[in-house]
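Report on the following structure.
Derivation of every value follows stated rules applied to the coordinates shown; laboratory data play no part. Owing to the predicted nature of the structure, the values given are computational and were not obtained by experimental measurement. When we count neighbours, we look across all protein chains shown, and the Cβ atoms used for this are built from the backbone with ideal geometry, even at glycine.
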Amino acid sequence: MARGFNKVILMGNLARDPEIRYTVDKRAMARFAVAVNNTWKDKNGELQESVDFIPVVVWGPSAENCERYLKKGSPVLVEGRIQVRSYEAKDGSGKRYATDVVASGVTFLGSKRQESGGGSFDNDEGYGESIRKDRRFSASDEDFPMDISEVRNEEEDADIPF
């Protein structure tokens, strides 16, 4: 049987503030939706636009950081996987399905002047977290265009014959 692959990368803005809850074993879980724009040309050549609101779930310390630093409108990059779950409707009308992106990492894309900006929090399946503060990973207006000398290793360039 072939091995499956389930990877999602979203970039957009929060459609609402993160809502945080805790499980009975005190593990944090945050929910929010990411608004992602989609543009295309219709058959008449006119530009059309729509917005998808993608539900995201974040676990562990990353959930607490999302709740602390993100708010409605904050730009984010979410990496994770799609999860489909089912449950019985409360009114007894049958089975319902819900689809979420379970985040393995959330990168805050706002500028450093904004409260939400600059950091990256990796969920690592809900355990642990790492924060990248290297300016090359943030996407604020101050960082672009980036000076290539910040990322280039001068020793590597010494071997190039031209």
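Were the residues from Val36 through Ile20 laid out at 0.36 nm apart, the gain over their Cα-Cα distance would be 3.6 nm. Phi-derived couplings, Karplus 6.51 cos²θ - 1.76 cosθ + 1.60 at θ = phi - 60°, listed residue by residue for segment 50-61: 9, 10, 9, 10, 9, x, 10, 10, 10, 10, x, x Hz, with x used for Gly and Pro. Applying both filters, DSSP loop and at most 10 other Cβ atoms within 10 Å, to the chymotrypsin sites (Phe, Trp or Tyr not before Pro) of segment 1-104 gives Phe5.
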